[in-house]
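Structure first, then comments.
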Amino acid sequence: MAAIYSLYIINKSGGLIFYKDCGTKGRMDTNDSLRVASLWHSMHAISQQLSPVNGCSGIELLQADTFDLHCFQSLPGTKFFVVCEPGTPHMESLLRYIYELYTDYVLKNPFYEIEMPIRCELFDINLSQAVLSDRVALLGR
Amino acid sequence: MQFFGGSEINPSPQVPTASGNNAHMMYVFNRNGVCLLYKEWNRPLHTLNPQQDHKLMFGLLFSLKSLTAKMDPVKLVISSSIFPFDVDLINFGSIYPVCSADKGNLGVPQLPGQGCSFHSFRTNTYKLSFMETPSGIKIILVTHPKTGDLRESLKYIYGLYVEYVAKNPIYNPGSPVKSELFNTALDQYVRSIS
């Protein structure tokens, strides 16, 4: 029972640099995932414009009928968002943990070019371990 | 015994905003994007002028609906796309031929109620709750971020709309709402939402 359907990482210009889906539900082909990522980047920016008060940093949670979308934006502007089942707990801490993995295995990788698609094996391995459902529950503690 | 002088002993608690409730503002749009009603209770920041603000809000919702319909993990077979080409919303002017997917292509206009729709989103400064009726009336309520699920409240507001606006024989559909009764009832109701 995959509570998490997919994970996207977007660079600060809105381009998709990482996409991972877990299982057949919510699978998207490459072109669609690129479009969805760019669209999300724009929506995130527009939502800041519509804020009634100062200091809005964009959409953090989108709730739909059949899924929830949690988004985390790091200080440099990289966005991590995860599409999951409605009501899945601990997604915020999972996103922060994924950000830690990103800084450790991607940014510190000397062969990785910033803003380019992520092709780091260690990142993939650790990410797969992190999204196993029992691990996600541990993160919530 | 007085240890400290004067009025600092009991500073007055923070005075709630003039409206005294959580709601910042509310929009009602019809299916063509005309803003039928805009009510503001507490909005310190105005980024754009009203017309642009309404258009931006409608555009955001339209695109978000299209996004959620596409991202929907539950594969529903929607009437197969009659558009052979998919217009990429981000790359203006470039058109990609796409084989018609289960969920239709991104950007294909959806009927009200067709496809998965979102019902709210939250940022760090506000929460936006959204409801679309089968007739295409979109009701949007922008509140404090810690507000709970407002779907029932939005349904009630739609009920008020039906009673005071739709059933009003003088009301011209598609024009902005000017009903005093509706405004009063709405105001009263929204102030009572915790």
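Throughout, read-outs are computed from the coordinates displayed, never taken from laboratory work. Because the structure is a prediction, the values reported are computed rather than measured. Cβ: placed from backbone, ideal geometry, glycine included. Neighbour counts: every protein chain shown.
Charges at C-beta only: +1 for Lys and Arg, -1 for Asp and Glu. How large is the resulting dipole of chain A about its Cα centre, in Debye rounded to 20?
120 debye
In Å and on Cα atoms, what radius of gyration and Dmax does chain A show?
Rg then Dmax for chain A, in Å: 14.7, 43.
When a footprinting reagent is the concern and you count Cβ atoms within 10 Å, what order do A:Tyr8, B:Tyr158 take, fewest first?
In order of increasing Cβ crowding within 10 Å: B:Tyr158, A:Tyr8.
Kindly put A:Asp68, A:Asp29 in sequence by how many other C-beta atoms sit within 10 Å of each C-beta, fewest to most.
A:Asp29, A:Asp68
Cα to Cα, under 18 Å, and not fewer than 8 places away if on the same chain: which aspartates and glutamates meet these conditions relative to B:Lys178?
Cα-Cα hits under 18 Å: B:Glu40, B:Glu163, B:Asp187.
Return the Rg/Rh value of segment B:143-194, two decimal places, where both radii are evaluated on C-alpha atoms and Rh is the Kirkwood radius.
1.03
In this model, which of B:Lys65/B:Lys146; B:Lys55/B:Lys146; B:Lys70/B:Lys127; B:Lys70/B:Lys167; A:Lys108/B:Lys146; A:Lys12/B:Lys55 are farther than 29 Å apart at the alpha-carbon?
B:Lys70/B:Lys167; A:Lys108/B:Lys146
As an exercise, identify the trypsin sites (Lys or Arg not before Pro) in segment B:128-194 lying in DSSP coil whose Cβ has no more than 11 other Cβ atoms within 10 Å.
Filter output for segment B:128-194: B:Lys146, B:Lys167.
At 222 nm, what value in deg cm²/dmol follows for chain A if DSSP H runs of at least 4 each add -39500 (n - 2.57) and the sum is divided by all its residues, to the nearest 500?
-10500 deg cm²/dmol
Pop the C-beta distance of B:Ala166 and A:Gln48 into the FRET formula with R0 = 35 Å and round what comes out to the nearest 0.05.
Efficiency, from the Cβ-Cβ distance: 0.55.
May I ask you to sort A:Phe67, A:Phe72 by Cβ crowding, counting other Cβ atoms within 10 Å and putting the fewest first?
A:Phe72, A:Phe67
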